[in-house]
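The values are calculated or read from the model by the stated rules, or taken from the named source; none is laboratory data. Owing to the predicted nature of the structure, the values given are computational and were not obtained by experimental measurement. Cβ coordinates were reconstructed from backbone atoms using ideal geometry, including for glycine residues, and neighbour counts include every protein chain displayed. When the accessible area is computed, the model is the full protein with side chains, heavy atoms only, and any ligands, DNA or RNA have been set aside. Shrake-Rupley method; radii C 1.70, N 1.55, O 1.52, S 1.80 Å.
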Amino acid sequence: MKKLIALLLAGVMTMSLLTACGGNDGAKADETVTDAAGAENEADSADAAGAESEANDADAAGTEDAADAESGADAEAGEVSEALADGVLTVGTNAEFPPFEYVDDNGEPDGFDVALIKAIGEKLGVEVEVENMEFESLVAAIGSKIDVAIAGMTVTDERKESVDFSDAYYDAVQYVIVPEGSDIASAADLAGKAIGVQLGTTGDFIATDDVEGSEVSRYNKAVDAVNDLINGRVDCVIIDKNPALVFESTFEGQVKAIPGEQFEFGVEEYAIAVPKGDAAMLSQVNKALEEIKADGTFDELVKQYIEN
Ligand code: ARG
């Protein structure tokens, strides 16, 4: 993304935010940390466009036309996002979330999401640069420091206030990791427990908002939560299914991962977050994703990174 364009866009976005929110967006950002549920409810009532794209997300077989309608803005067919004018797609992730993203033996971000976004970049004919950052910082960085984010990121109404989401590419659910021998087995057992989560994730929101009397410890790195579980500092860790399964096998014999269905956790959908209102970017990403699914690349990556 070119600096000048970024600055101009940021200016325009700030101005429209100021108009739309009465200059209250700073306060809102704080609110998301402390009161995720509140912010989400607000989104429910206020964001009709968000509801519309959610309805379309559920329709996995959405056509290209549907994808365009979903953005709420009109992208001319073949239009290229200004963010890609420099030939580079700058992607933010948080490489602490295997098998979707992790740092490989050479110190480079790798994983399913990283491979997927590189395949998307190839389809779009742009270079992909991956920035490894804190998960909590990703949403705010989209459209300035990074063009898009791919990070096993769940589509939520709250996030939709700040970004648009591509078509969903993976279904997920939260799991509960407990020490081997723990008797935590149902939603009722979580009440009053010390719960480890990754900061700003849906696991954090569940532990904070939905579990009565929970004492939540928030970590930047998921593995640190699991280490504290093994050290006895927390009673369980709430994290997405696939990372939970990876940690279960990494720490075999010490922890076990319990399916979230047992705790009545709902299904979540991962999608790529793009700058809000960048209809060209949204349709370019969706189109590339569709091609990658159609030509078998997607299934290959699932086999290579997730089912392996
Ligand atoms: N799916 C969860 C969320 O969107 C957790 C994602 C964490 N991803 C990561 N790369 N650390 O909140």
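V128: net charge of surrounding residues, Cβ under 9 Å, Lys/Arg +1, Asp/Glu -1, itself excluded?
Working: positive: K118; negative: E122, E127, E129.
Net charge around V128: -2.
In the range 104-156, what percent of the accessible surface is made up of carbon and sulfur (1.4 Å probe, ligands and nucleic acids excluded)? Show your work: numbers first, answer last.
On the way: 820 of 2140 Å².
Whole-percent figure for carbon plus sulfur exposure: 38.
If each residue of separation counts as 0.36 nm, what is the full-extension length gain between E300 and K221 once their alpha-carbon separation is subtracted?
Working: separation 79, 0.36 × 79 = 28.44 nm, distance 2.78 nm.
Separation in residues times 0.36 nm, less the Cα-Cα distance, equals 25.7 nm.
Please sort 195-206, 210-221, 266-277 by packing, taking for each peptide the average over its residues of neighbouring beta carbons within 10 angstrom, highest first. Don't skip to the end; give the middle numbers.
On the way: 195-206: 24.3, 210-221: 16.2, 266-277: 20.6.
Output ranking for 195-206, 210-221, 266-277: 195-206, 266-277, 210-221.
Expected output is a single nm value to one decimal: the length gained when fully extending between D86 and D209, i.e. 0.36 nm times separation in residues minus the C-alpha distance. What is it? Don't skip to the end; give the middle numbers.
On the way: separation 123, 0.36 × 123 = 44.28 nm, distance 4.21 nm.
Additional length available on full extension: 40.1 nm.
Using the Kirkwood formula on the Cα atoms of the range 229-282, what hydrodynamic radius do you get, in angstrom to one decimal? It would help to have the intermediate numbers written out before the result.
Working: mean 1/r = 0.0718 Å⁻¹.
Evaluated over the range 229-282, this radius sits at 13.9 Å.
Which order do the peptides 294-300, 282-288 come out in when sorted by mean C-beta neighbours inside 10 angstrom, highest first? Before the final figure, lay out the partial values.
Working: 294-300: 13.0, 282-288: 24.7.
Per-residue mean Cβ counts within 10 Å order the peptides as 282-288, 294-300.
Given 0.36 nm per residue, what is the gain on full extension from E127 to A188 after removing their alpha carbon distance, in nm?
Working: separation 61, 0.36 × 61 = 21.96 nm, distance 4.85 nm.
Computed gain between E127 and A188 is 17.1 nm.
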